[in-house]
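Let me begin by presenting the structure, written as structure tokens, before commenting on it.
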Amino acid sequence: MAASVPTSYTDKVIVSDEVAEFSPEIIAEMNAHLEKYPPERKRSALIPLLLLVVQRERGWIDNAGVNFLAKYLDLEVTDVWETATFYSMFNLRPVGRHHIQICKTLSCKIMGEPEITGHICGKLGIHPGETTEDGKFTVSMVECLGSCGTAPMMQIGFDYHEDLTTEKLDKILESLK
Ligand code: FES
């Protein structure tokens, strides 16, 4: 059955019956995740499989990857999409090699997020939600990342960068070039 999914990024409806294919090694990795949960609770493996396998392998959560997981976990595609669209850690479109996620929630906001965002976007020449032309950087604005005590902060890949200043940002961006 076709999936019909509006994304928060494009407001377009994407429809595809394509099902992703993965190598035997990746399937074995998925099976290892699945074995951590009772057989009747396959759904519990959904978040790890989305994040640690499908997004890593395909670069983002696409229709074909979702269709695969729905079959693999005996779920409806809507079950997979309702999880994938809930958490900002899932990329619903392709992102750059370095995905910069800036926290825009209250503590970070009052501790300097607007200056941080302006500085990063100014240096990269993009707006939040965009990717640089060379495909190296994507900037996204996300809700609280649970590091309010060290605001303002951002996440790049799986790493947190905290107590941000413009000087720190310059060093971080330089190290990623
Ligand atoms: S408000 Fe930014 S990490 Fe919580």
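Read the figures in this text as sums done on the coordinates, not as results from a lab. All figures in this text were calculated on a predicted structure; none of them were measured in a lab. Neighbour counts run over all protein chains shown; Cβ positions are idealised from the backbone, glycine included.
Overview of values
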{"item": "Helix-derived mean residue ellipticity, 222 nm - over the chain, DSSP H n ≥ 4, -39500 (n - 2.57), to 500", "result": "-9500 deg cm²/dmol"}
{"item": "Rg(Cα) / (2.2 N^0.38 Å) computed for region 98-176, rounded to two decimals", "result": "0.97"}
{"item": "Selection of GluC sites (Glu not before Pro), region 32-124, meeting DSSP coil and at most 15 other Cβ within 10 Å", "result": "35, 76"}
{"item": "Additional length obtainable on full extension of the chain from residue 19 to residue 87, 0.36 nm per residue less Cα span", "result": "22.2 nm"}
{"item": "In range of the label at residue 107: residues from region 73-89 whose backbone nitrogen is under 16 Å from the point 7 Å along Cα→Cβ", "result": "none"}
{"item": "Principal-axis tilt of helix 24-34 within the chain, Cα atoms, nearest 10 degrees", "result": "90"}
{"item": "Unmatched cysteines, the chain - criterion: no other Cβ of a Cys under 4.7 angstrom", "result": "121, 144, 148"}
{"item": "Under Karplus coefficients 6.51, -1.76 and 1.60, residue-wise ³J(HN,Hα) of region 145-150 in Hz, glycine/proline x", "result": "9, x, 10, 4, x, 10"}
{"item": "Per-bin percent of Cα-Cα distances, the chain [10 Å]", "result": "9, 34, 30, 20, 6, 0"}
{"item": "Degrees between helix 113-124 axis and first principal axis of the chain (Cα, 0 to 90, nearest 10)", "result": "80"}
{"item": "Ranked list, fewest to most other Cβ atoms within 10 Å of each Cβ, for 73, 176, 164", "result": "176, 73, 164"}
{"item": "Residues with amide H under 5 Å from that of residue 137, placed H, sequence gap 5 or more", "result": "97, 98, 132"}
{"item": "10 Å beta-carbon shell around residue 97, net charge (K/R +1, D/E -1)", "result": "0"}
{"item": "Where chymotrypsin sites (Phe, Trp or Tyr not before Pro) in DSSP loops with at most 10 other Cβ within 10 Å are excluded, longest remaining stretch of the chain", "result": "1-85"}
